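Heads up, the thing below is written out as structure tokens.
The values are calculated or read from the model by the stated rules, or taken from the named source; none is laboratory data. None of the values given here were measured: they were computed from a predicted structure. As a convention, Cβ positions derive from the backbone with ideal geometry for all residues, glycine included, and neighbour counts pool all protein chains shown. In case anyone asks, the SASA skips ligands and DNA or RNA and just uses the protein heavy atoms, side chains included. Shrake-Rupley method; radii C 1.70, N 1.55, O 1.52, S 1.80 Å.
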Amino acid sequence: KRYDNELKCFTLSAEHSVLLMCLHNAIKRSPSNNAFLMRTIVDIDGLVRKGINWSSLTDDSIQFHIVPFVYFSLLFAQRLINTKIPKEVLSALKNRCSRWQLIEVAIHQKCFVSLKHYSIFYSKIYRILSPFVFNAHWKNRIKWLLLIPILFPPQWKMAGFFRLDRHSPLVFFTYIANPFRWI
């Protein structure tokens with residue numbers, strides 16, 4: 001943490017702010033979820049321009065077990081807006097990722113098509129492989145192996161696909177129409 005004179009309180013250090021932004025970009029607002037926000041990448045770029053203690057960022061990402069997500073987000077920022085990330089940092093993060101994690105990072109990169117579009121194909125592959133690559137519980141692995149989240153998304157998601165109120169009784173009929181939505 002660091003003390004911010006303008007806010008008169010403690011805030012996250014620049015390194016931890018970058019880690020938080022990387023997690024937002026890779027998990028919550030990720031291209032694979034079609035929830036990507038450019039402002040996250042711009043925030044990462046702004047913090048990097050102000051100066052980052054790269055060894056601290058690398059060490060903390062290893063300590064928190066978030067290396068693949070940080071690696072993905074930093075590569076993504078470099079790709080989209082040419083954020084200046086030292087090659088040694090990317091190399092160190094890449095070396096800490098397993099082979100499957102690197103494959104998953106590459107698939108996640110392919111999910112992004114443009115600011116308003118994402119690749120449904122790569123997104124589904126990413127989601128199917130994620131529980132296996134990122135050490136989820138066996139219950140999640142089996143669920144994704146059987147494609148249950150793709151064939152039977154949550155009720156609130158189905159309501160969104162068909163522009164219905166999430167509490168509408170018609171939501172249950174959307175599961176019948178869902179396979180035709182893909183065609």
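Assorted remarks:
- Degrees between helix 54-63 axis and first principal axis of the chain (Cα, 0 to 90, nearest 10): 40
- Sites listed here are chymotrypsin sites (Phe, Trp or Tyr not before Pro) in the stretch 1-90 whose DSSP assignment is loop and whose Cβ has at most 13 other Cβ atoms within 10 Å: Phe64.
- Helix 171-181 axis versus longest C-alpha principal axis of the chain: approximately 80°, rounded to the nearest ten.
- Peptides ranked, highest mean first, by Cβ atoms within 10 Å: ranges 118-125, 40-47: 40-47, 118-125
- Per-peptide average of other Cβ atoms within 10 Å, ordering 142-155, 104-117, 17-30 highest first: 17-30, 104-117, 142-155
- Apportionment of accessible area to carbon and sulfur, the chain, percent (1.4 Å): 61
- Rounded, prolate or oblate (a/c below 1.5 giving rounded, otherwise prolate when a/b exceeds b/c) for the stretch 90-183 by Cα gyration tensor: prolate
- For the stretch 45-50, Karplus couplings with θ = phi - 60° (6.51, -1.76, 1.60), whole Hz, Gly/Pro x: 4, x, 5, 5, 5, 6
- Accessible area expressed per residue, the chain, with surrounding protein chains retained (probe 1.4 Å, Å²): 63
- Pairs of lysine residues in the chain - Cα separation under 19 Å, sequence separation of 8 or more or cross-chain: 16
- Database remark: amide H of Phe112 closer than 5 angstrom to the amide H of Ser119 (H placed geometrically; neighbours at sequence offset of 5 or more, or on other chains; Pro and chain starts carry no H).
- The stretch 155-183 and the stretch 9-73: distance between their alpha carbon centers, rounded to Å: 34
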